[in-house]
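Q: Sending over a structure as structure tokens; questions will come in a sec.
The values are calculated or read from the model by the stated rules, or taken from the named source; none is laboratory data. Bear in mind the structure is a predicted one, so any value in this text is a computation, not a measurement. Every residue, glycine as well, gets a Cβ built from its backbone with ideal geometry; the counts of neighbours run over all protein chains shown.
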Amino acid sequence: MMISRRHLLAGTGGAAALALTGGLGAPAFGAQVRKVGIQLYTVRNIFMKDPAGTLEKIARIGFREVEFGGGNYEAMDHAMLRRTMDRHSLTAPSLHIAYEALMGQFDKSVAMAKALGADTVVIPHMGPSFYKEERWEEAVTNFNRIAVDLKKAGLGLAYHNHDFEFAIKPDGVSLYDRLLTGTDPALVKIELDLYWAVRAKQDAGALIDRLADRLYSYHVKDMAADGKMAAVGQGKIDFAALFARKGSAAVRHFYVENDEAPAPYFPDITTSFNAVRALRF
């Protein structure tokens, strides 16, 4: 079960708990996540084999939003995917599209996003070739340009983090800070992966408050005691405390994700769905 904020702070891991919850007093409980979403990368191995059946089962669990990513969705029949989502009352507010695709196949990427009904394109990851200062700065400049072009097409842009952006610090300034200061906050929004932020030893609460209006969505994945990913509610991140932060007010979408979910996947994502729906903050 999820460890409560009170239990975290009362135990020997109080310092770690402050990083996980942000160090504020008890939140005012009452609000909840109305539409729980899922990042389809979690179920990529079965989605690529049976996309329609996977979407149907996801909807039956109770999810109302999906975020496309992985599973070779880019090569699928997008009209079929859209019809399947419509049939099961699912929407796809956002989708992951590689930076390289946005740079080299922009029009195709826009067409795909619109076919799936998305309003925002998320850059999911930057490879090791971009970890050097010059390459990162070049990419950040391109993020702004891509965002401008997407806006003209009626779409938004967001960036999804892992842990390397916080850990790599050319001249003492992290890649993440360079991203934030080098992009237009009105155009380049943030999809904050809470697991990876905590894994990078960030004060998640303080980070949320710092990002505030730039936040578009959360990736909601839990952290087990050994640091591995876990279904929501099976780890030590106090999501209720984080969602209650003032900085979380602008977050529009809450996507459950577990990159390491065990087969057959559906029990794991059901656990996460139920845990998120049960949160009060």
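Q: In region 206-226, which residues are in contact (Cβ under 8 Å) with a residue 12 or more places away in the chain and either of a type in the set (Lys, Arg) or within 21 Å of residue 273 (Cα to Cα) (or both)?
A: Within region 206-226, 210, 214, 216, 217, 218, 219, 220, 221, 222, 223, 224 qualify.
Q: Output the qualifying pairs, or none if there are none: Cβ atoms under 6 angstrom, residues six or more apart or on different chains, first residue in region 39-68 and farther than 15 Å from residue 82 by Cβ and touching a residue at least 40 places away in the same chain (Cβ under 8 Å), second residue of a type in the set (D, E, K, R) and surrounded by 21 or more Cβ atoms within 10 Å (Cβ to Cβ).
A: Every condition considered, the pairs that remain are 39/67; 39/257; 42/257.
Matching residues to (1) over 25 Å from residue 59 (Cα atoms); (2) surrounded by fewer than 16 Cβ atoms within 10 Å (Cβ to Cβ):
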site	(1), (2)
89	no, yes
102	yes, no
127	yes, yes
133	yes, yes
145	yes, yes
149	yes, yes
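Q: Let me ask something else. Name the residue, out of 22, 13, 30, that is buried (at least 19 other Cβ atoms within 10 Å of the Cβ), modelled with pLDDT under 95 and either of a type in the set (Gly, Ala, Ser) or on the phi > 0 side of the Ramachandran plot (or both).
A: 22
Q: Shifting gears a bit: Among the listed residues 125, 162, identify the single one that is modelled with pLDDT of 95 or more, in contact with a Phe, Trp or Tyr (Cβ under 7 Å, 6 or more places away or on another chain) and in a loop (DSSP other than H, G, I, E, B).
A: 162
Q: Filter region 33-56 for residues that are surrounded by fewer than 19 Cβ atoms within 10 Å (Cβ to Cβ) and either under 13 Å from residue 270 (Cα atoms) or among the β-branched types (Val, Ile, Thr) (or both) and give the result.
A: 46
Q: Let me ask something additional. Here's a check for you: in region 84-111, which residue that is of a type in the set (A, V, I, L, M) and assigned to a strand (DSSP E or B) is nearest to the chain's Cα centre (by Cα)?
A: Selected residue: 95.
Q: Sticking with this structure for a sec: Where in region 171-276 are there helices (runs of 4 or more DSSP H), lying fully within it, with 1 or more residues that are among the charged types (D, E, K, R) and either in contact with a Gly (Cβ under 9 Å, 6 or more places away or on another chain) or buried (at least 18 other Cβ atoms within 10 Å of the Cβ) (or both)?
A: 175-182, 194-199, 204-211
Q: Ok, one more. Every residue in region 115-154 that is under 20 Å from the mean Cα position of the chain (by Cα), within 22 Å of residue 65 (Cβ to Cβ) and not hydrophobic (A, V, I, L, M, F, W, C), please.
A: If the condition is that a residue be under 20 Å from the mean Cα position of the chain (by Cα), within 22 Å of residue 65 (Cβ to Cβ) and not hydrophobic (A, V, I, L, M, F, W, C), then 117, 119, 120, 124, 125 are the ones that fit.
Per-residue answers, yes or no, for (1) among the basic types (Lys, Arg); (2) closer than 22 Å to residue 116 by Cβ:
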residue: 132; (1), (2): yes, no
residue: 141; (1), (2): no, no
residue: 147; (1), (2): no, yes
residue: 150; (1), (2): no, yes
residue: 158; (1), (2): no, yes
residue: 165; (1), (2): no, no
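Q: Using beta carbons and a limit of 6 Å, which pairs, at least six apart or on different chains, have the first residue in region 94-116 and among the polar types (S, T, N, Q) and the second one modelled with pLDDT under 95 and surrounded by fewer than 21 Cβ atoms within 10 Å (Cβ to Cβ)?
A: Partner pairs satisfying both residue conditions: none exist.
Q: β-branched (Val, Ile, Thr), more than 23 Å from residue 218 (Cβ to Cβ) and outside any loop (DSSP other than H, G, I, E, B): which single residue out of 58, 38, 46 fits that description?
A: Sole residue among the options that is β-branched (Val, Ile, Thr), more than 23 Å from residue 218 (Cβ to Cβ) and outside any loop (DSSP other than H, G, I, E, B): 46.
Q: Report, by residue number, each residue of region 112-122 that is in contact with a His (Cβ under 8 Å, 6 or more places away or on another chain) and part of a loop (DSSP other than H, G, I, E, B).
A: Of everything in region 112-122, just one residue is in contact with a His (Cβ under 8 Å, 6 or more places away or on another chain) and part of a loop (DSSP other than H, G, I, E, B), namely 116.
Q: Filtering region 69-83 down to residues that are part of a helix (DSSP H, G or I) and free of Cβ contacts under 8 Å to residues at least 24 places away in the same chain, which residue is farthest from residue 266 (Cα to Cα)?
A: Among those that are part of a helix (DSSP H, G or I) and free of Cβ contacts under 8 Å to residues at least 24 places away in the same chain, it is 75.
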